[in-house]
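Just so you know, all these numbers are worked out from the coordinates, no wet-lab data involved. Values in this document were obtained by computation on a predicted structure and should not be read as measured data. All Cβ positions, even for glycine, are placed from backbone atoms using ideal geometry, and neighbour counts span all protein chains on display.
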Amino acid sequence: MTRFTLLGVPIDPLSEAEAVEWVARALLEGRPRLVISVNPERIMQAGRDPDFAAILRRADLALADGAGVLWAARRLGHRLPSRLAGVDFVTALAARGAHEGWRFFFLGGAPGVAEAAGRELRDRYPGFRLAGTHAGPPDPASDPVTLEAVRSSGAQLLFLAYGAATEEAWLARNLARSGAIVGMGVGGTFDFISGRARRAPPWMRERGLEWLHRLRQEPWRWRRMLALPRFVLRVMREPR
């Protein structure tokens, strides 16, 4: 793969199957690896937050999530086979992990949601192993309790649902001490897998309209969505 940067944020142009294979190799090697999900909101946030930008640049794997990233990459002449949403990636890893015996840990989310997501994945993929969950807060004062929960579970893959920047900051601070090998922030993935939230229908996802579906479900997101037109303007100004 040939990594490129989009407005200063790295992206690795992997398909879903290639990304799953990357994780499988990482688990065999055993060194802690930070995986990030890159979307327009994160790119724009990185432009405002140097600390967040530095964490993204240090990521071992950076996956393109969002039709806006796919459009921007292609406009600027970068090879990018497709977008890879966090919920699709976690589901693909769960399917592979059910056969390989991988141990997962779901951190964050509303109480009970991570457990519900784990039950759904066990129903879909017999053999899926959710080693543990913890709904504790992401603040540094809570790190000792959270780290003990992750370490004692023996988990190899750690997924966080704390929200953009908070997830990455937690992993930058704690992944190496957690005992897990692969760590990634996954936003609302537990909500989608558990059925607590509904994804956009396939026709909307295929047309890059998933953002509109989420806005209709969660109108409070309108302020966050302001990043999208700003992102488009930034990309349009970039030399091709």
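Could you grab the Rg to Rh ratio for the chain? Cα atoms only, Kirkwood for Rh. Please report the intermediate quantities before stating the final value.
Numbers: Rg = 17.1 Å, Rh = 18.2 Å.
Computed over Cα atoms, the ratio is 0.94.
Grab the Cα-Cα distance for residue 141 and residue 237, subtract it from 0.36 nm times how many residues apart they are, and report the gain in nm with one decimal.
Details: separation 96, 0.36 × 96 = 34.56 nm, distance 4.23 nm.
Result for the pair: 30.3 nm of gain on full extension.
Compute the long axis of helix 113-124 from its Cα atoms, compare it with the longest principal axis of the Cα atoms of the chain, and write down the angle in degrees, 0 to 90, nearest 10.
80
Quick one: what are the phi-derived ³J(HN,Hα) couplings along segment 170-180, Karplus 6.51/-1.76/1.60 with θ = phi - 60°, whole Hz, x for glycine and proline?
Once θ is set to phi - 60°, the couplings for segment 170-180 become 4, 5, 4, 7, 10, 4, 4, 9, 7, x, 7 Hz.
Full extension from residue 51 to residue 122: what is 0.36 nm times the residue separation minus their Cα-Cα distance, to one decimal in nm?
Working: separation 71, 0.36 × 71 = 25.56 nm, distance 3.71 nm.
Result: 21.9 nm gained on full extension.
Select from 121, 165, 175 the residue farthest towards the positive end of the dipole of segment 118-182; place +1 on Cβ of Lys and Arg, -1 on Cβ of Asp and Glu, and compute about the Cα centre.
Toward the positive end, the furthest listed residue is 121.
Label points 7 Å out from Cα along the Cβ direction at residue 230 and residue 76: separation in nm?
Distance between label points: 1.7 nm.
Report, in debye and to the nearest 20, how large the dipole of the chain comes out about its Cα centre when Lys and Arg carry +1 and Asp and Glu carry -1 on their Cβ. Let's see the in-between values first.
On the way: 35 positive and 25 negative charges, 148 e Å.
For this selection, approximately 720 debye.
Just the Cα atoms of segment 45-161: what Rg and Dmax do they give in Å?
Taking only Cα atoms of segment 45-161, I get Rg and Dmax of 16.6, 46 Å.
If you take the beta carbon distance between residue 58 and residue 95 as r and set R0 to 25 Å, what does 1/(1 + (r/R0)^6) give as a FRET efficiency, to the nearest 0.05?
After rounding, the FRET efficiency stands at 0.30.
Name the residue farthest towards the positive end of the dipole of segment 1-143 from the options 70, 135, 35, assuming +1 on Cβ of Lys and Arg, -1 on Cβ of Asp and Glu, about the Cα centre.
70
Could you grab the relative contact order for the chain? Cα pairs under 8 Å, six or more apart, rounded to a whole percent.
Values: 404 pairs, mean separation 54.2, N = 240.
RCO, the chain: 23 percent.
Let me check against my output: what whole-number percent is the relative contact order of segment 17-136, with C-alpha pairs under 8 Å and at least 6 apart?
Values: 128 pairs, mean separation 24.4, N = 120.
Dividing the mean separation by the residue count of segment 17-136 yields 20 percent.
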